[in-house]
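Structure below; questions to follow.
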Amino acid sequence: MDFKQGFKKILQNRRISRLTIVITENKAIAVLSILFLVAGIVIIEYGLDRVTIPVSTEAPDEKSDTETTAPPLPEGDYSADYLAGEVKPDQGLFQAVMDMGISTDAALKVINVLRYNVELIAIRAGEKVWVKLTDGKTGISEFIYEPDSVVDHKVTLDTTTGEYVYSMTEEPTEFRYRVIEGTLEEGSSLNDTLLNSQVPPNLTGTVNGILQCKISFRTDAREGDIFKVLLRERYYGDEWIGGTVMYASYRGKRTGFHEAFRYSEDDPKSSYNAHYTPEGEALIHSGLRYPLDRLFIVSRYGMRVHPITGRRQMHYGVDYRARPGTKVHAVARGKVIVSSYDSISGNKIAIRHDDGSSSWYLHLQKRSVKKGQQVKTRQVIGTSGSTGRVEGPHLHFAFKNAKNQWMNPLKKRMIATPKLEGSRLEQLQAQVKDIRQRLKDIGENDAGPADTVTLTKRVE
């Protein structure tokens with residue numbers, strides 16, 4: 001065991017307080033022993049896990065199986081002053097930062113800034129983080145989160161104001177359109193056929209979910225049925241970043257013909273962004289509506305580190321970012337069973353619905369309904385705010401089932417509207433026309449979907 005490993009083991013076992021330094025008659029030896037211990041602790045505290053190039057005296061074939069290489073820094077003016085980390089399986093971003101030796105208080109400050117600018121609900125193992133400490137090593141001067149090869153999210157300490165500032169850079173990417181069409185063969189399914197056509201599992205699931213709103217595949221799918229799918233896929237060079245199902249159709253002997261079109265508004269977080277029939281009917285089975293017109297998740301349901309207390313505890317709802325005064329809607333008709341205030345929840349409303357479940361809305365700026373009042377679906381019941389114990393303005397939305405047990409609201413299927421109307425229906429019809437033209441253009445191109453749309457580098 002070498003010098004660093006020995007002291008690291010001592011620290012990990014938390015036995016420093018139990019160490020006994022044997023003071024011999026020679027006081028000089030005792031002093032040297034203490035200095036030796038302090039030096040080892042300093043090396044462990046500040047010398048490990050830095051982004052440095054280790055100098056090894058081992059032969060190449062003797063390299064340890066457990067040795068890992070720190071992830072490379074994004075492009076920019078970086079140095080060995082940065083700590084490098086990586087999200088491990090079943091971790092959140094906060095836990096990944098804590099694993100780098102950062103204090104709870106310092107980690108909370110940057111994560112709280114980040115969560116109000118970046119949705120952190122889909123953190124994946126392998127995503128990279130970098131931290132630069134302040135001169136006194138007591139806080140964070142710069143924090144970088146890289147969810148993929150394209151985007152860098154940065155939180156930087158403004159030394160003038162003492163506040164943290166968020167910024168984002170995005171590398172140039174391009175969108176490529178791809179059509180997948182085929183015929184169901186004996187013993188095959190739409191799901192298997194799409195997967196065999198190299199359609200990613202998440203997009204395959206989207207296609208199935210859309211068409212199942214109109215088709216019972218288990219009873220009505222037949223050999224010889226035909227389908228067509230248009231994908232809009234994002235690439236960084238040859239690296240696939242993500243994709244969207246723009247169109248899906250199915251024609252069958254028993255099912256008839258059905259089409260689905262992706263409708264998108266300028267705001268990527270609009271709750272109206274979804275798939276619809278050409279007539280504007282939403283292709284999702286649900287009697288519930290969203291509580292907000294814009295959806296940006298700050299904190300999800302489940303165990304988390306509380307943004308104020310720093311304690312790990314259960315979060316029985318979903319926090320949506322919302323500016324003070326944003327209209328909050330009832331997700332379904334029902335009777336108001338709570339309309340009150342307390343120091344933790346702030347202004348809160350609860351509505352009991354026809355099936356015995358109840359929806360809860362916390363930290364409101366204003367309550368517009370009273371206990372005992374009947375409300376309709378999508379009725380405005382108040383406005384969002386930051387009352388009670390909160391770190392920033394948001395809507396805490398929660399759900400109880402008929403047995404009065406808290407449940408994950410994200411597992412309840414919700415839509416903005418069952419059918420688009422007015423200007424939104426007109427926008428959908430214009431987008432339907434564009435999608436049909438793209439399908440035609442691709443079909444006439446023997447070489448396949450050659451059209452690409454390139455995005456230039458973006459900095460915010």
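The values are calculated or read from the model by the stated rules, or taken from the named source; none is laboratory data. The shown structure was predicted, so the numbers you read here are calculated from the model rather than taken from an experiment. Please note: Cβ atoms are built from the backbone with ideal geometry, for glycine as well, and neighbour counts cover all protein chains shown.
Test each condition in (1) closer than 22 Å to Ile241 by Cβ; (2) touching a Phe, Trp or Tyr at 6+ places or on another chain (Cβ under 8 Å) for Val179 and report the one that comes out false.
(2)
Going through segment 138-152 one residue at a time, which ones are under 21 Å from Gly162 (Cβ atoms) and among the aliphatic types (A, V, I, L, M)?
Ile140, Ile144
Out of the residues in segment 384-431 that are in a helix (DSSP H, G or I) and touching a residue at least 40 places away in the same chain (Cβ under 8 Å), which is nearest to the chain's Cα centre (by Cα)?
Leu410
What helices (runs of 4 or more DSSP H) lie completely within segment 103-212 and have 1 or more residues being free of Cβ contacts under 8 Å to residues at least 12 places away in the same chain?
So the answer is 190-196, 201-211.
State all residues of segment 230-258 that are part of a strand (DSSP E or B) and either among the polar types (S, T, N, Q) or exposed (fewer than 14 other Cβ atoms within 10 Å of the Cβ) (or both); if no residue qualifies, say none.
Residues satisfying the conditions are Glu239, Trp240, Thr244, Ser249, Gly256, Phe257.
Has segment 215-229 got at least one residue that is farther than 16 Å from Asn191 by Cα and either surrounded by 15 or more Cβ atoms within 10 Å (Cβ to Cβ) or acidic (Asp, Glu) (or both)?
No - not one qualifying residue is present in segment 215-229.
Return the only residue of Phe257, Phe296 being free of Cβ contacts under 8 Å to residues at least 12 places away in the same chain, touching a strand residue (DSSP E or B) at 6+ places or on another chain (Cβ under 6 Å) and of a type outside the set (Ser, Thr, Tyr).
Every option except Phe257 fails the conditions.
Still on this structure, I have one more. Report whether or not Leu364 is under 30 Å from Tyr235 (Cα atoms), at pLDDT 95 or above and touching a Gly at 6+ places or on another chain (Cβ under 8 Å).
No, not satisfied.
Sticking with this one: Take the residues of segment 130-154 that are touching a helix residue (DSSP H, G or I) at 6+ places or on another chain (Cβ under 8 Å) and at negative phi: which is surrounded by the fewest Cβ atoms within 10 Å (Cβ to Cβ)?
Within segment 130-154, the match that is surrounded by the fewest Cβ atoms within 10 Å (Cβ to Cβ) is Thr138.
Quick check, is Tyr320 aromatic (Phe, Trp, Tyr), assigned by TED's automatic domain parsing to the domain that holds His394, at pLDDT below 90 and crowded, with 18+ Cβ neighbours inside 10 Å?
Spelling it out, it is not the case that Tyr320 is aromatic (Phe, Trp, Tyr), assigned by TED's automatic domain parsing to the domain that holds His394, at pLDDT below 90 and crowded, with 18+ Cβ neighbours inside 10 Å.
Only residues that are at pLDDT 85 or above, surrounded by fewer than 16 Cβ atoms within 10 Å (Cβ to Cβ) and in contact with an Asp or Glu (Cβ under 8 Å, 6 or more places away or on another chain): list them for segment 274-316, please.
Selection gives Pro278 alone.
Restricting segment 389-426 to residues that are closer than 24 Å to Ser264 by Cβ and among the polar types (S, T, N, Q), which is surrounded by the fewest Cβ atoms within 10 Å (Cβ to Cβ)?
The residue in question is Ser423.
OK, next. Scan segment 346-388 for residues that are surrounded by 19 or more Cβ atoms within 10 Å (Cβ to Cβ) and within 20 Å of Asn401 (Cα to Cα) and report the count.
12
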